[in-house]
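S.K.: Mind looking over this structure? Questions follow.
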Amino acid sequence: MAEEVVLLDFWPSPFGMRSRIALAEKGIKYEHKEEDLRNKSALLLQMNPVHKKIPVLIHNGKPVCESLIQVQYIDEVWHDKAPLLPSDPYQKATARFWADYVDKKIYEVGGRVWKTKGEKQATAKKELIETLKLLEKELGDKPYFGGESLGYVDVAFIPFYSWFYALEKCGNFSIEAECPKLIAWAKRCMQKESVAKSLPDQQKVYDFILEMKKHFGIE
Amino acid sequence: MAVVKLFGAWLSPYVYKVIWALKLKGIPYEYIEEDLSNKSPLLLQYNPIHKKVPVLVHDGKPIYESTVILRYIDEIWPQNPLLPANPYDRAVALFWIKFADDKNPIIAKLYQTEGEEQQAVVNEWLEMLEAMEEHALIGGKKFFGGDEINMVDIAFCMVAHWLGVFEDTAGLKVFEPHKFPQVSSWIQNFKSVPIIKDNLPDTDKIVAYLKRRKEMLLTSKSN
């Protein structure tokens, strides 16, 4: 039976990017459907009735929701190419912990950087740098979080790199100055076709953020 | 033989999740009770990032975050599996586990908040219960895991046991059984499982403790 894979997505979503990268790493052909989040499709509402959010991976008509669960699912089903999770249970647990850490921290703290001003923004910037430094420490001297090749944590984290320029402009700071090794890692990931093709242009993301700020009345 | 240690706290639902998983698989372990107001150097060494319980130490290696621990346990000791074998069914189970995990820190605030803030927490609870009733417990299953409990049932433990505790502490009724018949049946089924029934913290003890904490919180807010 021919595999039918559809991804319901929204181009600036770091969560959507994760699934794009995983599918590209495995060389899976799929139909990419761009959603208008102000006018969600009947398909999206049907496939993710609980959260009504993207991304949704639809495999042979059955939906998988939540980006990290999609990455794990893709890794399990198409297991013969480019493994993303390690096979050792302890290393797997470590990878899951760090992907979970990225999930809990980066989006929320990053959001506060572009959504707030003054003292609140200063606090958010400080928290973001602390979070990034911790991740930089975990990376250590490895080329990727996954070791010699792109792994689960790399896929979970690299999408946020496409938002760095926007955050730097909104917060008037330099992430590279604080976390040079992390930026080196990010550029290394961007050399991979699966990543480069899955991440939007940073200027485009910045323009999108500016539009959002106007829309929400944030100066 | 490999040594398994569990650092926990007597009232934490996150700790109980790990206890149940270890007992369901018949894994012997050493339990170390932590005083959360005075954490041991060992705990801080094993979990320097979050400094929280539970921490599982297996062969001297620490694992933390309750769901990460549960998945590790399930992989190392495959007897009585806690997740479906089929990748799609597993993805669905993981969706509900994440759903519960994301809600848990919010719903715990029921007794720590007042007024509008508390109403927002009540709404989170109702959203959770509605999602469980409408989408998760389909087909009149006894448990999320089918005929036996699995990691999804364990993930929803706050609904099964701690909700009542938070309601008593807050002096507020959130859960109306007649509005959520499937969830009600599931709660009764879950709490009848011997390993769960025999390993639940005493509700009166927790309520007394949380009421004291609530007093302290409210006093410090008004000062």
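The values are calculated or read from the model by the stated rules, or taken from the named source; none is laboratory data. All values derive from a computational prediction rather than experimental measurement. In this analysis, Cβ positions are derived from the backbone assuming ideal geometry, glycine residues included, and neighbour counts consider all displayed protein chains.
S.K.: When the residues of the stretch A:9-43 are filtered to those that are closer than 18 Å to A:Tyr107 by Cα and of a type in the set (Ser, Thr, Tyr), which remaining residue is surrounded by the most Cβ atoms within 10 Å (Cβ to Cβ)?
M.R.: That would be A:Ser19.
S.K.: Looking only at the stretch A:139-159, which residues are assigned to a helix (DSSP H, G or I) and within 20 Å of A:Asp75 (Cβ to Cβ)? Before the answer, list the steps.
M.R.: Kept after step one, since they are assigned to a helix (DSSP H, G or I), are these residues of the stretch A:139-159: A:139, A:152-159.
Within the stretch A:139-159, A:Tyr152, A:Val153, A:Asp154, A:Val155, A:Ala156, A:Phe157, A:Ile158, A:Pro159 qualify.
S.K.: Now a separate question. Output the residues belonging to the stretch B:37-69 that are under 17 Å from the mean Cα position of the chain (by Cα) and part of a loop (DSSP other than H, G, I, E, B).
M.R.: Within the stretch B:37-69, B:Lys52, B:Val53, B:Pro54, B:Glu65 meet the criteria.
S.K.: Go through the residues of the stretch A:54-76 one by one and say whether even a single one is over 13 Å from B:Val92 (Cβ atoms), without any contact (Cβ under 8 Å) to a residue 40 or more places away in the chain and touching a strand residue (DSSP E or B) at 6+ places or on another chain (Cβ under 9 Å).
M.R.: no
S.K.: Right, here's the next one. Among the numbered criteria (1) within 14 Å of chain B (Cβ to nearest Cβ); (2) more than 24 Å from B:Phe99 (Cβ to Cβ); (3) in a loop (DSSP other than H, G, I, E, B), which single criterion is violated by A:Asp36?
M.R.: For A:Asp36, the failing item is (1).
S.K.: Within the stretch B:164-179, count every residue that is assigned to a helix (DSSP H, G or I) and surrounded by fewer than 20 Cβ atoms within 10 Å (Cβ to Cβ). Before you say what the answer is, go through the steps one by one.
M.R.: Residues of the stretch B:164-179 assigned to a helix (DSSP H, G or I): B:164-170, B:177-179.
From the residues that got through so far, the ones that are surrounded by fewer than 20 Cβ atoms within 10 Å (Cβ to Cβ) too are B:164, B:167-168, B:177-179.
Total satisfying the criteria: 6.
S.K.: Taking A:Ala196 as meeting all but one of (1) over 14 Å from the mean Cα position of the chain (by Cα); (2) surrounded by fewer than 18 Cβ atoms within 10 Å (Cβ to Cβ), write down the number of the exception.
M.R.: The number of the failed condition is (1).
S.K.: Another one. May I ask you to say which residue of A:Gln72, A:Gln46 is within 14 Å of another protein chain (Cβ to nearest Cβ), polar (S, T, N, Q) and surrounded by 21 or more Cβ atoms within 10 Å (Cβ to Cβ)?
M.R.: From the options A:Gln72, A:Gln46, the qualifying one is A:Gln72.
S.K.: Under 17 Å from the mean Cα position of the chain (by Cα) and surrounded by fewer than 13 Cβ atoms within 10 Å (Cβ to Cβ) - does that describe any residue in the stretch B:181-188?
M.R.: Taking every residue of the stretch B:181-188 in turn, at least one turns out to be under 17 Å from the mean Cα position of the chain (by Cα) and surrounded by fewer than 13 Cβ atoms within 10 Å (Cβ to Cβ).
S.K.: Further, regarding this structure: Tell me which of these B:Lys52 doesn't satisfy, since it passes every other one: (1) under 29 Å from B:Met128 (Cα atoms); (2) basic (Lys, Arg); (3) within 10 Å of another protein chain (Cβ to nearest Cβ).
M.R.: (3)
S.K.: What number goes with the only condition from (1) among the aliphatic types (A, V, I, L, M); (2) in contact with an Asp or Glu (Cβ under 7 Å, 6 or more places away or on another chain); (3) within 12 Å of another protein chain (Cβ to nearest Cβ); (4) surrounded by fewer than 19 Cβ atoms within 10 Å (Cβ to Cβ) that A:Val6 does not pass?
M.R.: (3)
S.K.: State all residues of the stretch B:164-223 that are among the polar types (S, T, N, Q) and in contact with a Gly (Cβ under 9 Å, 6 or more places away or on another chain); if no residue qualifies, say none.
M.R.: Kept after step one, since they are among the polar types (S, T, N, Q), are these residues of the stretch B:164-223: B:169, B:182, B:184-185, B:188-189, B:192, B:199, B:203, B:219-220, B:222-223.
Passing the criteria: B:Gln182, B:Ser185, B:Thr203.
S.K.: From the residues in the stretch A:125-164 that are of a type outside the set (A, V, I, L, M, F, W, C) and within 15 Å of the chain's Cα centre (by Cα), which one is farthest from the other protein chains (Cβ to nearest Cβ)? Steps first, answer last, please.
M.R.: Of all residues in the stretch A:125-164, those of a type outside the set (A, V, I, L, M, F, W, C) come to A:125-127, A:130-131, A:133, A:136-138, A:140-144, A:146-149, A:151-152, A:154, A:159, A:161-162.
With the extra rule that they be within 15 Å of the chain's Cα centre (by Cα), the set shrinks to A:151-152, A:154, A:159, A:161-162.
Details: A:Gly151: 16, A:Tyr152: 12, A:Asp154: 18, A:Pro159: 18, A:Tyr161: 22, A:Ser162: 24 Å.
Going through the qualifying residues, I end up with A:Ser162.
S.K.: Could I ask something else about it? Checking the conditions here, which among A:Glu176, A:Glu168, A:Glu136, A:Glu130 is within 27 Å of A:Gly217 (Cβ to Cβ) and in a helix (DSSP H, G or I)?
M.R.: Working: A:Glu176 fails: within 27 Å of A:Gly217 (Cβ to Cβ); A:Glu136 fails: within 27 Å of A:Gly217 (Cβ to Cβ); A:Glu130 fails: within 27 Å of A:Gly217 (Cβ to Cβ).
After applying the criteria, what remains is A:Glu168.
S.K.: While we're looking at this one, here's another question. (1) on the phi < 0 side of the Ramachandran plot; (2) buried (at least 21 other Cβ atoms within 10 Å of the Cβ); (3) within 11 Å of chain A (Cβ to nearest Cβ): which one isn't true of B:Leu82, the others all being true?
M.R.: Of everything listed in (1) on the phi < 0 side of the Ramachandran plot; (2) buried (at least 21 other Cβ atoms within 10 Å of the Cβ); (3) within 11 Å of chain A (Cβ to nearest Cβ), B:Leu82 misses just condition (3).
S.K.: Here's another thing I want to ask about it. Please indicate, with yes or no, whether at least one residue in the stretch A:54-70 is assigned to a helix (DSSP H, G or I), modelled with pLDDT of 95 or more and over 17 Å from B:Lys98 (Cβ atoms).
M.R.: no
S.K.: Filtering the stretch A:75-97 down to residues that are surrounded by 22 or more Cβ atoms within 10 Å (Cβ to Cβ) and assigned to a helix (DSSP H, G or I), which residue is farthest from the other protein chains (Cβ to nearest Cβ)?
M.R.: Per the stated criteria, the residue is A:Ala95.
S.K.: Among what's in the stretch A:52-69 and is more than 10 Å from chain B (Cβ to nearest Cβ) and not hydrophobic (A, V, I, L, M, F, W, C), pick the residue that is surrounded by the fewest Cβ atoms within 10 Å (Cβ to Cβ). Steps first, please.
M.R.: Of the stretch A:52-69, the ones more than 10 Å from chain B (Cβ to nearest Cβ) are A:52-56, A:58, A:61, A:67.
Right, trim to not hydrophobic (A, V, I, L, M, F, W, C) and you get A:52-53, A:55, A:61, A:67.
Details: A:Lys52: 14, A:Lys53: 18, A:Pro55: 24, A:Gly61: 8, A:Ser67: 27.
Among those that are more than 10 Å from chain B (Cβ to nearest Cβ) and not hydrophobic (A, V, I, L, M, F, W, C), it is A:Gly61.
S.K.: Inside the stretch B:98-137, can you point out the residues that are free of Cβ contacts under 8 Å to residues at least 40 places away in the same chain, away from every other protein chain (no Cβ under 14 Å) and in a helix (DSSP H, G or I)?
M.R.: Within the stretch B:98-137, B:Lys109, B:Gly115, B:Glu116, B:Glu117, B:Gln119, B:Ala120, B:Val121, B:Asn123 qualify.
S.K.: Okay, moving on. Would you please list the contacts, defined by Cβ atoms under 8 Å and residues six or more apart or on different chains, that run from a residue in the stretch A:178-199 that is over 12 Å from A:Ser162 (Cα atoms) to a residue that is modelled with pLDDT of 95 or more and hydroxyl-bearing (Ser, Thr, Tyr)?
M.R.: Sorted first by the residue in the stretch A:178-199, then by its partner, the pairs are A:Trp185/A:Tyr144; A:Arg188/A:Tyr144.
S.K.: Kindly indicate the residue of the stretch A:126-155 that is among the β-branched types (Val, Ile, Thr) and within 19 Å of A:Leu68 (Cβ to Cβ) and also surrounded by the fewest Cβ atoms within 10 Å (Cβ to Cβ) among those meeting that condition.
M.R.: Going through the stretch A:126-155, the residues among the β-branched types (Val, Ile, Thr) turn out to be A:129, A:131, A:153, A:155.
Those still in the list that are within 19 Å of A:Leu68 (Cβ to Cβ) too: A:131, A:153, A:155.
Working: A:Thr131: 19, A:Val153: 25, A:Val155: 31.
Top of the filtered list is A:Thr131.
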